[in-house]
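A short worksheet on the structure shown next.
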Amino acid sequence: MSTIAENIAKVRERIREAAQASQRDSATIGLLAVSKTKPAAAIREAHAAGLRDFGENYLQEALGKQLELADLDLTWHFIGPIQSNKTKPIAEHFAWVHSVDRLKIAERLAAQRPAGLPPLNICLQVNVSGEASKSGCTPDELPALAQAVTQLPQLRLRGLMTIPEPTDDPAEQHAAFARLRELRDRLGPGLDSLSMGMSHDLEAAIAEGATWVRIGTALFGARDYGQP
């Protein structure tokens, strides 16, 4: 078994154990492989080991991989910050966008989503930790943004995403993820997705209701940002 396949098995076991501890069905928790900076060959290997959902942060890198891997049945998620001039290819080439944090971006994605494709699945990114360096709307801005996005054609608002301030304190991890769940629940029924939790804190995220955990390092190893 390859290293990536072994890593996938280990992460799936972590998800299963975390779900069991929280009395949740592990089938309701999606494993989103964060493949940024990793070559197409690594994605092909992960696909062979059973993964179908892949998250990318960098548009040009992602589009190149999509061409190279067009023979595979993959679902592509855009999870990075979105510039206005990048919305058209994102709307055309992804099934999910986890990082919508302002109405202008949502409006552009809606207008540029091809009519022949299913609605684009949207998660609104919320800055639950209040970090100045982090993308995401504030909790106070969220209700109006969510209401506006639900009115846009060719988009389907699925839920919320967050990248909280990194911490090794389990209590702080739980608190940040619980905050996102509470914000989602306040928006009312119909939102089924919470994109939260990464390699170091997926257990806390699952305990607080994550439906997507975004895992990169634990699957593919440390990233080399010096690579193109």
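Looking across the range 184-196, the residues that are under 17 Å from the mean Cα position of the chain (by Cα) and under 14 Å from Leu157 (Cα atoms) come down to Arg184, Leu191, Asp192, Ser193, Leu194, Ser195.
Tell me, please, whether a residue that is in a loop (DSSP other than H, G, I, E, B), small (Gly, Ala, Ser) and more than 14 Å from the chain's Cα centre (by Cα) can be found in the range 197-207. No: zero hits. Across the range 101-127, the qualifying residues are those that are touching a strand residue (DSSP E or B) at 6+ places or on another chain (Cβ under 9 Å) and part of a loop (DSSP other than H, G, I, E, B), and the one among them that is farthest from Lys88 (Cα to Cα) is Asn127.
For the range 186-203, the tally of residues that are of a type in the set (Asp, Glu) and either surrounded by 17 or more Cβ atoms within 10 Å (Cβ to Cβ) or under 13 Å from Ile163 (Cβ atoms) (or both) stands at 2.
Looking only at the range 51-88, which residues are of a type in the set (Gly, Ala, Ser) and either assigned to a helix (DSSP H, G or I) or surrounded by 14 or more Cβ atoms within 10 Å (Cβ to Cβ) (or both)? Within the range 51-88, Gly55, Ala62, Gly64, Gly80, Ser84 qualify. Against the test of being buried (at least 17 other Cβ atoms within 10 Å of the Cβ), assigned to a helix (DSSP H, G or I) and touching a residue at least 24 places away in the same chain (Cβ under 8 Å), the options Val11, Val97 yield a single qualifying residue, Val11.
No lab work stands behind these numbers, since they all come straight from the coordinates. Computed from a predicted structure; not experimentally measured. Ideal geometry is used to build each Cβ from the backbone, glycine not excepted, and the neighbour counts take in all protein chains shown.
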